[in-house]
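Have a look at the structure below, then the notes.
Bear in mind these aren't lab numbers, they're just calculated from the coordinates by the rules spelled out. Just so it is clear, the model here is predicted, and its values are computed rather than measured. Glycine gets a Cβ as well: all are built from the backbone with ideal geometry, and neighbour counts include every protein chain shown.
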Amino acid sequence: MSLEVCIKKRLGKFLLDVEFHAEPGVMGLLGASGSGKTVTLMCIAGILRPDEGRILLNGRVLFDSEKRIDLPPQQRRVGYLFQNYALFPNMTVERNIACGLCREKDRAARKKAVADIISRMRLTGLEKHRPHQLSGGQQQRVALARILVGQPELLLLDEPLSALDSHLKDQLVVELRHLLKSYGRDALLVTHSRDEAYRLCNTLAVMEEGRLLGMGGTREFFADPGTRTGAALTGCKNIVDAKKAGEMSVYVPDWGVTLDAGKPVGDHLVAIGIRAHHFGGAIGENSFPIRVVEEIEEPFEWTVKFMYETQQDGSMPVWWRMPKAARPERLPDRLGVSPENILLLYQ
Amino acid sequence: MDWFPLWNSLRIAAISGVLVFFTGILCAYYIARLPRVVKGILDVILTLPLVLPPTVCGWFLLMIFGLRHPVGQLLQQIGVRFVMTWYGGVLAASVVAFPLMYRTARGAFESFDETLAWSGKTLGLSNTFIFWRIRMPACRQGILAGAVLAFARALGEYGATSMLIGFTPGRTATISTTVYQLWRTGDDAGALVWVLVNLAISAAVLLAVNLLERKNRQGRRAV
């Protein structure tokens, strides 16, 4: 796939201003609600019209404000999976799926394609059901079948799993992953869940207040999110203001400690992040005396909130998290963290 | 007994019902998309006949289509005359019944889940298909209610009708104007007959709506 997006759109006080080139595979748009993820998808699908800019899909111009090109959604060949699946309530499963094939004029071919995808998507036996009679997972499969049967060049998935119960979610992530692979479709996935993003996407882009903060491979991004928003979205629990202290070290005023970062620190560093499970009593590096503030038991983990002995009064306690089996008899009075686990944040 | 008023009332109500059904839906659909100020102004104008006394509507219609007024004269030159004719009754009934259809249809359209239309578009469905096969069925309840209200209102129209087309037996007489005319001339028995006819028609309409609704519900449950 080659999807090039460079658009601006004003909606009231909100200004969307994004520019990116999507890599083949599944790209994730990660961001808090209201950051402009859905607006971006709607502009690509042609539901919303950007104020200016260009959208190119595989060399085809979908939108170009300068050349006054604005293809209607019907001609864009872009499939859109809505959060609520948007199945037509007055039609059966079969009819819903046939709607995705309205470009095909040959009735026999249409019938065959619909029957085909019904069996591939494990919907056999549900042909005559109406959407409200289906479970959440079945509804999602119908919605996907309806989109895939028309063979779109690009799939847009708008928080496809957020409407589901958590136990169903895990199951459907796996299913969706498998489907996206077996159909070989390029896709753009909007989500605010780091688990979904990590499991489904090859590349990630982070959005905040209508702008793109950066993008990169999913693994690299989780290893080095680079920005406060990015770190928070990847689930980093300890994000704290910091200053460059030396070539390879940072000073954290709130904690009153200077940490060895193990890598060169840029001048414009604004904060650091340390994931809660990266602390340890046995780690000798960056080890400082602490006192425990609170212990919280979770299903499979312990969360321990602690303060450094040198920590400023009134600042937020630090989170330390470990699997239940790894909890020592007595909590240590010093905690360390490896230099490679200190995330340097620049924005 | 002369059954002309029944036939006349039914054709006036049926024709204006159909007219109002389509114009009401189209206005509701397009006006919902206009900018707020324009929408507000059109809303007031189109809903006015609902709150004005029908005689005031009749007066306005006479001011426009009356034979001494420009539009009325112009229309008469091409052979169309709304004063004292049965299709003048269609005009009067339509104007009075229109807001009922327009208002209920708009309410129904506004509660429609727009993602259904959007997903239809991205699937490649034409806007016409989306309107008639997805939007309309989803809004069926409200639209049906509006249509029934509008038809019933058109059938019972008296004020504007009597002002525009008067009462001419065998030409412009409707059930409601006949009831008034018979009562006025002291023929209580004759008036009672037409009152009963009117009651029968109204009961039949409401019964039909209830049956239609139940069939719909059963149909959906059965699948």
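In a shell of Cβ-Cβ distance under 10 Å around A:Leu204, excluding A:Leu204 itself, what net charge do Lys and Arg (+1) and Asp and Glu (-1) give? Mind showing how you got there, number by number?
On the way: positive: A:Arg194, A:Arg219; negative: A:Glu220.
Within the 10 Å Cβ shell, the charges total +1.
Would you calculate the separation in nanometres between label points at A:Asp267 and A:Glu66, each defined as 7 Å from the Cα along the Cα-to-beta-carbon direction?
Between A:Asp267 and A:Glu66, the simple spin-label model gives 3.5 nm.
Most mobile of A:Glu66, A:Glu153, A:Glu209 per a Gaussian network model of chain A (Cα springs, under 10 Å)?
A:Glu66
Tell me which lysines have Cα within less than 22 Å of A:Lys305's Cα, excluding those fewer than 8 residues away on the same chain?
A:Lys237, A:Lys324
Within a Cβ distance under 13 Å of B:Val179, other residues only, what is the Lys/Arg minus Asp/Glu net charge? Display every interim value, and only then the final one.
Values: positive: B:Arg184; negative: B:Glu157, B:Asp187, B:Asp188.
Summing Lys/Arg as +1 and Asp/Glu as -1 gives -2.
P(r) of region B:4-222 in 5 Å steps, Cα pairs, percent per bin?
Cα pair-distance distribution for region B:4-222, in percent: 1, 7, 12, 15, 16, 15, 12, 9, 6, 4, 2, 1, 0, 0.
Given a 10 angstrom Cα cut-off, can you work out which residue in B:Ser119, B:Ser162, B:Ser16 is the most mobile in a GNM of chain B?
Maximum among the listed residues: B:Ser119.
Can you give the Rg and Dmax of region B:55-121 based on its C-alpha atoms, in angstrom?
In Å, with Rg to one decimal and Dmax whole: 18.4, 54.
Report, in order of residue number, the helices in chain B meeting two criteria: a C-alpha extent of 27 Å or more along the helix axis, and a mean Kyte-Doolittle hydropathy of at least 0.5; treat each whole DSSP H run as one helix.
Working: long enough: B:4-31 (39 Å, 1.49); B:86-110 (36 Å, 0.66); B:188-222 (50 Å, 0.55).
The answer, listed by residue number, is B:4-31, B:86-110, B:188-222.
With each label point set 7 Å from Cα along the Cα-Cβ vector, what nm distance links A:Arg219 and B:Tyr180?
Result for the modelled spin labels: 8.6 nm.
Roughly how many Å is it from the Cα centre of region B:52-96 to that of region A:32-71, as a whole number?
Taking the Cα centre of each part, region B:52-96 and region A:32-71 sit 50 Å apart.
Can you give the translational diffusion coefficient of region A:164-314 in µm²/s, computed by Stokes-Einstein from the Kirkwood radius over Cα pairs at 25 °C and 0.890 mPa s? Spell out each step's value before the answer.
Values: Rh = 18.1 Å.
Stokes-Einstein gives a translational diffusion coefficient of 136 µm²/s.
If you wrap region B:117-179's Cα atoms in a convex hull and average its projection over all directions, what's the area in nm²?
Details: hull surface 25.4 nm².
Reported value for the Cα convex hull: 6.3 nm².
For the protein assembly as shown, with only Lys/Arg (+1) and Asp/Glu (-1) charged at the beta-carbon, what is the dipole magnitude about the Cα centre, in debye rounded to 20? Walk me through the intermediate numbers first.
Details: 66 positive and 52 negative charges, 542 e Å.
The dipole magnitude comes to about 2600 debye.
Summing Lys, Arg as +1 and Asp, Glu as -1, what charge do residues with Cβ under 12 Å from the Cβ of A:Ser249 carry, A:Ser249 excluded? Don't skip to the answer; put the middle values down first.
Numbers: positive: A:Lys243, A:Lys244, A:Lys263; negative: A:Glu247, A:Asp260, A:Glu285.
Around A:Ser249, the charge tally is 0.
When only C-alpha pairs under 8 Å and at least 6 residues apart count, what is the relative contact order of chain B, in percent?
29
Positive end of the dipole of the protein assembly as shown, charges at C-beta (+1 Lys, Arg; -1 Asp, Glu), about the Cα centre: which of B:Val71, A:Val265, A:Leu189 has its Cα farthest in that direction?
In the protein assembly as shown, that residue is B:Val71.
Give the Debye-formula value of log10 I(q)/I(0) at each listed q (0.12, 0.15 Å⁻¹), with one equal scatterer per alpha carbon of region A:3-227, two decimals each.
Rounded to two decimals, the profile gives -0.66, -1.02.
Name the residues whose placed amide hydrogens come within less than 5 Å of the amide hydrogen of A:Ile69, ignoring near sequence neighbours (fewer than 5 apart) on the same chain.
Residues meeting the criterion, in which the H sits 1.01 Å from N, are A:Asp64.
Enter the mean number of other protein chain beta carbons within 10 Å of the beta carbon of each residue in A:101-107, as an integer.
Details: counts 2, 6, 3, 1, 0, 0, 0.
That average works out to 2.
Pick from B:Ala152, B:Ala97, B:Ala138: which is most flexible by mean-square fluctuation in a GNM of chain B where alpha carbon atoms under 10 Å apart are linked?
Checking each option, the largest mean-square fluctuation is seen for B:Ala138.
Per residue of region A:154-171, in order, report the coupling 6.51 cos²θ - 1.76 cosθ + 1.60 (Karplus, θ = phi - 60°) as ³J(HN,Hα) in whole Hz, putting x for Gly and Pro.
Going residue by residue, I get 8, 10, 10, 10, 9, 6, x, 10, 6, 8, 10, 5, 5, 5, 6, 4, 4, 5 Hz, with x marking Gly and Pro.
So how much slack lies between A:Asn84 and A:His167, counting 0.36 nm per residue of separation and subtracting their Cα-Cα distance, in nm?
On the way: separation 83, 0.36 × 83 = 29.88 nm, distance 1.79 nm.
Once the chain is fully extended between A:Asn84 and A:His167, it gains 28.1 nm.
Counting residues in region A:236-345 as N, plug N into 2.2 N^0.38 Å and put the Cα Rg over that result. Don't skip to the end; give the middle numbers.
Working: Rg = 13.6 Å, N = 110, 2.2 N^0.38 = 13.1 Å.
Working it through for region A:236-345, the quotient is 1.04.
Quick one: Cα convex hull volume of the protein assembly as shown, Å³ per residue? Don't jump to the answer; show the numbers that get you there.
On the way: hull volume 138.8 nm³, N = 570.
Each residue corresponds to 244 Å³ of Cα convex hull volume.
In the structure shown, do any of A:Lys112/B:Lys121; B:Lys39/B:Lys121; A:Lys13/A:Lys37; A:Lys243/A:Lys263 have a Cα-Cα gap over 18 Å, and if so which? Numbers along the way, then the final one.
Working: A:Lys112/B:Lys121 23 Å; B:Lys39/B:Lys121 25 Å; A:Lys13/A:Lys37 16 Å; A:Lys243/A:Lys263 14 Å.
Flagged as over cut-off: A:Lys112/B:Lys121; B:Lys39/B:Lys121.
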